[in-house]
Amino acid sequence: MLKLIGQAARIEWQIQAVPWARLLLMAERGQALAFGVSRSASREQQFEFSQPVFDNHVWMVVRRDRSLNYRSLADLGARTLCVTRGISYGSAFEAAKQAALFRVEQVDGDLAARTRMLMAGRCDVMLTSHRSPQPWAVEQVLRRESGHAAGIAVLPEPMQVDPVHFVAARGHELARVLPRLNAAMRKEAEAMRALISSEL
C-alpha cells in the first residue's frame, strides 16, 4: 500500500516500524508522518489528516474456552482487555473505561505478545486492528503470527470500524505532503481497493 501511494505521489519513503505511542509522539514533534491513524477530538488539535486510506476494524479476540456474546460495550463488564498502548478506541470506549466498566491492560508488545497474554489469562479479551471486514482473515493473521490459532477465536462482529489516515503535525512542513498523498490515493483508488480486499 505504501509503495503504491509513494510511487504515485513521487515520494521515496523511509519506513520505520515503531511502537504506536512512539509513532504518535514522533508525528506530534514533526519528526515523521504517521500512517494508520484514526480521528479523535484530541488528535484533531494536534494533527492534519489526509483523506481516509482504508477502514480499520477493531476485532475482539478471546480464548475458545471463554466465549463472549458481544452486542455493546456493556457486555465487556468486569472483564480485562489487552490493548495496545497509545491507541484510541473512540469516545464511547474511553467513557466506559473511565467509568470502570472494564479493566484495561496496556501492552507495548506485538501481536504475538498480546496473544500470549490472552492465553496466559492476563486478560479476557484482546483487541487487535485489521483492515479486513472478515473475521476469518484476522484468524489467519493470528494463526501465522502467534501460533495459538487452536486456542483462540475472533468474535464475528468488530467492536469498531474507523477510517485511518496519514497524519502530520498541524502547521508543520510535513503537512504539505498530505495534498500530494490525497491526489495519489485518488489516482490509485482502484488498485488500492484490490490491495485492501486481498487476503493477508
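The values are calculated or read from the model by the stated rules, or taken from the named source; none is laboratory data. Note that the structure is predicted; figures quoted are calculated from it, not measured. FYI the Cβ positions are ideal-geometry reconstructions off the backbone, even for glycines, and counts take in every protein chain you see. Ligands, DNA and RNA are excluded from the accessible area calculation, which covers all protein heavy atoms including side chains. Shrake-Rupley method; radii C 1.70, N 1.55, O 1.52, S 1.80 Å.
So the values come out like this:
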{"item": "Residue 22-residue 196 FRET efficiency (beta carbon distance; Förster radius 35 Å; 0.05 resolution)", "result": "0.85"}
{"item": "Spacing of the two label points (7 Å from each Cα toward its C-beta) at residue 68 and residue 119, in nm", "result": "1.9 nm"}
{"item": "Distance between region 29-105 and region 109-136 - C-alpha centres, whole angstrom", "result": "13 Å"}
{"item": "Relative frequency of Cα-Cα separations exceeding 16 Å in region 95-143, percent", "result": "49 percent"}
{"item": "Accessible surface, region 81-200, averaged per residue in Å² (probe 1.4 Å)", "result": "51 Å²"}
{"item": "Computed over the chain: relative contact order in percent, which uses C-alpha pairs under 8 Å that are six or more apart", "result": "38 percent"}
{"item": "For region 108-200, convex hull volume per residue from C-alpha positions, Å³", "result": "134 Å³"}
{"item": "Label assignment, Cα extents along the principal axes in Å derived from the structure, set (i) 57, 39, 31; (ii) 77, 36, 35; (iii) 50, 35, 27", "result": "(iii)"}
{"item": "With every protein chain in place, region 23-124: carbon and sulfur % of accessible area (1.4 Å)", "result": "46 percent"}
{"item": "DSSP-defined beta bridges in the chain - what % are antiparallel, rounded to 5", "result": "75 percent"}
{"item": "Shape category assigned to region 1-78 from the gyration tensor of Cα positions, a/c cut at 1.5", "result": "prolate"}
{"item": "Stokes-Einstein D in µm²/s, Kirkwood radius over Cα pairs - region 35-107 at 10 °C with 1.306 mPa s viscosity", "result": "112 µm²/s"}
